[in-house]
Amino acid sequence: MKHIVYVLGFILATAVSGFTAPKPAVVQRNGQWTLDVRYSQPLQMTVRLAGQQQPKRFWYTILTLTNNTVQEEIPLYLECQLVTDTFKTLPAGKDVRKEVFDQIKLKHQGRYPFLESMDFRDNRMRKGDDNRRDIVIIWPEFDPAAKRVNLFIAGLSNETIALDHPIQKDADGKPTKVYLQKTLQLVYANSTDPALRNQAGLTPVKQDWVMR
């Protein structure tokens, strides 16, 4: 949360100063990599959790990741957030029990027989199509009043950049550093009436790589 507040503060400060946020490199430098990624349409699922009378709603998307870089093996540490235009931020996995993942895995076992949750233990992403991995990212229900939803998925690239904060200074009077990472941004419209939440779906608006 501290990182989110810090980055939001940086964005507001740069907006005031007229600074343009950097974009990922068109051609990455030596040593930089980005995984190939495919993703499913976000879906919802209601699950009756043990010990609770009312079912809870969750949203999820499934990533298919492939290491087609020159690296034989790269580290995989995903960080995913759902951000609405009503200024709500939900980290993936928050208040998501294992039984939610189990039901999603059962539903998609035909297409994704080796589906993993985000708490996977093997952080090595090996090279080649034979080593591709399917990982489900799950969020609890977001604000039904939101009209636009952004999914930010970090950890798919090691491209980073360090920028001077336009306002904040350290103890020596020098600009503090803000570190941004190449992140996949998926934008969706949420146009369904909140009263018809069970029928709600998200409509794709755009996909982009951003520094965040």
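At a glance:
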quantity	calculated
Among residues of the stretch 148-173, those that are in contact with a Ser or Thr (Cβ under 7 Å, 6 or more places away or on another chain), over 30 Å from Gln71 (Cα atoms) and not in a strand (DSSP E or B), counted	1
Among (1) at pLDDT 95 or above; (2) more than 27 Å from Val210 (Cα to Cα) - the single one Thr34 does not satisfy	(2)
Single unsatisfied condition, Thr176 versus (1) touching a Leu at 6+ places or on another chain (Cβ under 9 Å); (2) among the hydroxyl-bearing types (Ser, Thr, Tyr); (3) farther than 30 Å from Val70 by Cβ	(1)
Filter pass, Thr176 being in a strand (DSSP E or B) and either closer than 30 Å to Glu73 by Cβ or modelled with pLDDT of 95 or more (or both)	no
Selection from the stretch 200-212 of residues that are over 14 Å from the mean Cα position of the chain (by Cα) and among the acidic types (Asp, Glu)	none
Residue in the stretch 52-60 that is closer than 18 Å to Ser157 by Cβ, of a type in the set (A, V, I, L, M, F, W, C) and surrounded by 16 or more Cβ atoms within 10 Å (Cβ to Cβ) present	no
Lone unmet requirement of (1) assigned to a helix (DSSP H, G or I); (2) over 21 Å from the mean Cα position of the chain (by Cα); (3) closer than 26 Å to Val37 by Cα for Arg197	(3)
Residues satisfying the stated conditions in the stretch 61-97, i.e. of a type in the set (D, E, K, R), under 21 Å from Val210 (Cβ atoms) and either out of contact with any Pro (no Cβ under 9 Å at 6 or more places or on another chain) or buried (at least 20 other Cβ atoms within 10 Å of the Cβ) (or both)	Asp85, Lys88
Residue check for Ser191: out of contact with any Cys (no Cβ under 8 Å at 6 or more places or on another chain), surrounded by fewer than 12 Cβ atoms within 10 Å (Cβ to Cβ) and either among the aliphatic types (A, V, I, L, M) or under 30 Å from Glu141 (Cα atoms) (or both)	yes
Qualifying positions in the stretch 127-160 - exposed (fewer than 15 other Cβ atoms within 10 Å of the Cβ) and either under 13 Å from Pro24 (Cα atoms) or basic (Lys, Arg) (or both)	Lys147, Thr160
Residues that are assigned to a loop (DSSP other than H, G, I, E, B) and either in contact with a helix residue (DSSP H, G or I) (Cβ under 9 Å, 6 or more places away or on another chain) or at pLDDT 95 or above (or both), drawn from the stretch 123-142	Asn123, Gly128, Arg132, Glu141
Hits in the stretch 85-114 (condition: of a type in the set (S, T, N, Q) and either within 18 Å of Gln52 (Cβ to Cβ) or under 21 Å from the mean Cα position of the chain (by Cα) (or both))	Thr86, Thr89, Gln103
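The values are calculated or read from the model by the stated rules, or taken from the named source; none is laboratory data. Because the structure is a prediction, the values reported are computed rather than measured. All Cβ positions, glycine included, derive from the backbone under ideal geometry; neighbour counts span all protein chains shown.
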